[in-house]
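Below you'll find the structure, written out as structure tokens, and then a few comments.
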């Protein structure tokens, strides 16, 4: 109505001016102004009524036409329920897939991060922004120097990205593990996050010696404390120490979804850089740029500043800082996904195209049957525009219904995706159907309606009147032309499906190749369990763990068990290692991933010992300091030599002796070549990143859990109730993004194939129906059933072959553009290309076979009689 | 049956009359009513309840265009004029009307003669 407000006012003014002039004339004729006005009003009649009636004229004609079209469409579609149902379902699938992918793209790529003025936030990473966590993180001293000397940032704050051992919550039933993350006191403030309840950390709170404080995340507050507001200000016990809950974070803040995809966070604790001054590289840094400063300008500054500071601080051992890279936080979080998501977006776009082609085809088939109806309407005076509008109204109604249903499907799919907490994709938990998604739905519904509606509408409305009304409707030239357009549509459908299938095939093969990579360890039948143990002295630690491993190892079904502080493909940390006595070039990268493990670790993990021996419980604290290295280290630090027995420096206390070499194990990604790794015995090191017990079993792991847990409890009553984390799930987590994309593209390709086969079937089946008489005549003249059947099938295959040929050429181009997403698979992979061609031919054969069989069963007598 | 001095317009003729009056030059609603009355020698009284809906319908069909201008009384009023489309339409309709009245007249005359 507001649309008409301006005109409504104008109309009132117009009527008012009329009344004024009428009154003025009467005054001129001698009436008093009051009488004149009254008289004029009386003559005019009921002013508001006239205004109402006049207003109705404005939109009336258009509305009337539209209503008429809608009513007519409704009646038509009600008559053809099965057609409407199929059309709406196909549209719903196509539009739904598009809405889901758009929602993901919108969240991950388009929408700003869920932080205040998030465009000002930048990611600050050392080591060129690549490499292990120890390369991209900063020491306390370089953080402080950078924070105090830079000109680009308003604030710089950090968190500890290294996986902290889970805290142990006591006082609420059985001890429970709590996933915490350490952040600097001003970290949340830098991001612009306000606690929902309570308050943020204060600077004093994180000073050494101050009381421990924590902020709860919203989901943890809801599940563990049932949303109890009085928890704020209360103390909870973590690792047997009192920690005060000062607040609850808002539901919009999900630390994991931005900074550590695929992990959950229960609470956030304040750490002070002083406390970890001597820990080496500890902090991932986020900065808030000053207004007007771009990441590029900040980059220019840090490129100069960090080398200066390095020289001033004399930390030449930590060269990675000097190569600091500044990226927008958004780019850091979603940059790696950009390409994959765009490919996904294109894939669903193609699905939508196939859907439109399919619908076009259905409408053409239907329109052919309705040509008389339209000819009649034209004869009765409907203009060509009116008929096109009528048909477009039909498409619009169909696509709107499809969009509604698709939106419902998309809603369910998005809900499902947002709750896939273990998928290592950033921001996934933030995905939802928002206003932008709704607008997108509306837009594609309109575009789709025009796309699939326009060809049939124009074709139908252009029908020659007389011809159509005279024509009995079978095998005429108009029908042939129709058929040609429909065949073209089917060919393009097959070509599109071919491109989708090739893309999906290549991604799927890459995924299989990734799954086939020699991991260097055997994840099946093996699980890790977070544990705690009581050892007050370093000597005791070895004894306690030895006892634990022995007792758990004695349980029936346990094949091997051992202790470790880190898992492959999980969070990692690195130290530096060099061969004693070797001179290295100045810029040498001596980074090495480190794990602290117990004897038996390699057997429990299924890691091959290539040379030398495993650790022994007798490798005592005060004895010879020993390490094992992987093959990559052997190659880097002792090239061409046997490293067993050699001395290394940099890891552990002073000099360490290499006692063995083990196979490479992937650290951060299955798809990257292994880098140097070193293993340190837990009997000689207390520098633990985590505390995990590895259990390899011949029994199902679930059935083993209670006996393992009770054994651990009997040794340490404070052992938190935790669940087994299978190594398979660790590997899955690491490969989950690739699987996610391969599966999605696979689903879309399947959808494309289904739609294409429907299209083929529809066209051939329709052609057979139309040619019933022709076939009947031919059979009466002596054509055999086989011949008729072969004719129909060969026609189907001809369309398929053309479609596949076009699609294959297009696929070569598409495959080139996605070549960087492939792993161990050439973009011209012959298996995929041939496989897709064969698959499409097979599907086309089946889709053509059904109508062909029907054609072969035509009884010539019946067909001819019906003429 | 007694003929009346003033009578209601047959359906559709009001549009024709309006266009005819507007064809003489830009004119506002009140003047259109006055003019029709004058030109019909007071025989036709335009119901203002149907004048404005008709004007707006013609404007919507793009047969008329409108403009706010100063009227002779010095106040703003909405002036209507014929569009090109309106002028063509008027010509066609006028022709149709003439033919219709001729035919109707012919028949009525014949009938009356036949009756007498």
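Could you go through region A:37-52 and let me know if any residue there is more than 29 Å from residue B:35 (Cβ to Cβ), away from chain B (no Cβ under 13 Å) and either modelled with pLDDT under 80 or out of contact with any strand residue (DSSP E or B) (no Cβ under 8 Å at 6 or more places or on another chain) (or both).
Filtering region A:37-52 down to residues more than 29 Å from residue B:35 (Cβ to Cβ) leaves none.
No, the conditions are met nowhere in region A:37-52.
Condition test on residue B:1, is it away from chain A (no Cβ under 14 Å), touching a strand residue (DSSP E or B) at 6+ places or on another chain (Cβ under 8 Å) and either modelled with pLDDT of 75 or more or outside any helix (DSSP H, G or I) (or both)?
no
Can you spot a residue in region B:106-114 that is in contact with a strand residue (DSSP E or B) (Cβ under 9 Å, 6 or more places away or on another chain) and either modelled with pLDDT of 85 or more or exposed (fewer than 10 other Cβ atoms within 10 Å of the Cβ) (or both)?
So far as region B:106-114 goes, no, none of its residues is in contact with a strand residue (DSSP E or B) (Cβ under 9 Å, 6 or more places away or on another chain) and either modelled with pLDDT of 85 or more or exposed (fewer than 10 other Cβ atoms within 10 Å of the Cβ) (or both).
Being in contact with a helix residue (DSSP H, G or I) (Cβ under 9 Å, 6 or more places away or on another chain), outside any loop (DSSP other than H, G, I, E, B) and without any contact (Cβ under 8 Å) to a residue 12 or more places away in the chain is the requirement here; does residue B:97 meet it?
In short, no.
Checking the structure you have, find out if any residue of region A:434-441 is assigned to a loop (DSSP other than H, G, I, E, B) and within 26 Å of residue A:106 (Cβ to Cβ).
Looking for residues that are assigned to a loop (DSSP other than H, G, I, E, B) and within 26 Å of residue A:106 (Cβ to Cβ), one finds at least one in region A:434-441, hence yes.
Quick one: which residue in A:63, A:67 is under 30 Å from residue A:390 (Cβ atoms), modelled with pLDDT under 80 and within 13 Å of another protein chain (Cβ to nearest Cβ)?
After ruling out the rest, the residue left standing is A:63.
Do we have residue A:820 as in a helix (DSSP H, G or I), farther than 23 Å from residue A:763 by Cβ and modelled with pLDDT under 90 here?
Yes: the conditions hold for residue A:820.
Yes/no matrix, rows are residues, columns are (1) modelled with pLDDT under 90; (2) part of a helix (DSSP H, G or I); (3) crowded, with 21+ Cβ neighbours inside 10 Å; (4) within 36 Å of the chain's Cα centre (by Cα):
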residue: A:501; (1), (2), (3), (4): no, yes, yes, yes
residue: A:523; (1), (2), (3), (4): no, no, no, yes
residue: A:535; (1), (2), (3), (4): yes, no, no, no
residue: A:549; (1), (2), (3), (4): no, yes, yes, no
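Quick check on region B:19-38: of everything there that is touching a strand residue (DSSP E or B) at 6+ places or on another chain (Cβ under 8 Å) and within 24 Å of residue B:98 (Cβ to Cβ), which residue is farthest from the other protein chains (Cβ to nearest Cβ)?
Selected residue: B:23.
Table: residues versus (1) at pLDDT below 85; (2) surrounded by 18 or more Cβ atoms within 10 Å (Cβ to Cβ).
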| site | (1), (2) |
| --- | --- |
| A:312 | yes, no |
| A:320 | yes, yes |
| A:326 | no, yes |
| A:331 | no, no |
| A:335 | yes, no |
| A:340 | no, yes |
| A:351 | no, yes |
| A:356 | no, yes |
| A:368 | yes, yes |
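The conditions are (1) out of contact with any helix residue (DSSP H, G or I) (no Cβ under 8 Å at 6 or more places or on another chain); (2) surrounded by 19 or more Cβ atoms within 10 Å (Cβ to Cβ); (3) not in a strand (DSSP E or B), and residue A:308 fails exactly one of them. Which is it?
(2)
Note down all Cβ pairs under 6 Å where the first residue falls in region A:82-110 and is under 17 Å from residue A:438 (Cβ atoms), the second is not in a helix (DSSP H, G or I), and they're at least six residues apart or on different chains.
Qualifying pairs under 6 Å: A:103/A:431; A:103/A:433; A:104/A:431; A:107/A:427; A:107/A:431.
If the requirement is being at pLDDT below 85 and within 12 Å of chain A (Cβ to nearest Cβ), which of these qualifies: B:75, B:41?
B:75
Residue-wise test of (1) assigned to a loop (DSSP other than H, G, I, E, B); (2) crowded, with 21+ Cβ neighbours inside 10 Å; (3) modelled with pLDDT under 85.
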position	(1), (2), (3)
A:629	no, yes, no
A:639	yes, no, no
A:648	no, yes, no
A:651	yes, yes, yes
A:680	no, yes, no
A:684	yes, yes, no
A:688	yes, no, yes
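Name the one entry in A:111, A:199, A:154, A:139 that is within 24 Å of residue A:328 (Cα to Cα), surrounded by fewer than 21 Cβ atoms within 10 Å (Cβ to Cβ) and in contact with a strand residue (DSSP E or B) (Cβ under 9 Å, 6 or more places away or on another chain). Let's see the steps before the verdict.
On the way: A:111 fails: in contact with a strand residue (DSSP E or B) (Cβ under 9 Å, 6 or more places away or on another chain); A:199 fails: within 24 Å of residue A:328 (Cα to Cα); A:139 fails: surrounded by fewer than 21 Cβ atoms within 10 Å (Cβ to Cβ).
The match here is A:154.
Quick one: residue B:82 ticks every box in (1) buried (at least 16 other Cβ atoms within 10 Å of the Cβ); (2) within 14 Å of chain A (Cβ to nearest Cβ); (3) in contact with a strand residue (DSSP E or B) (Cβ under 9 Å, 6 or more places away or on another chain) except a single one, so which number is it?
The single condition residue B:82 does not satisfy is (2).
The values are calculated or read from the model by the stated rules, or taken from the named source; none is laboratory data. Here the structure is a predicted model, which means the values were calculated and not measured. No Cβ is skipped: glycine too gets one built from the backbone with ideal geometry, and neighbour counts run over all protein chains shown.
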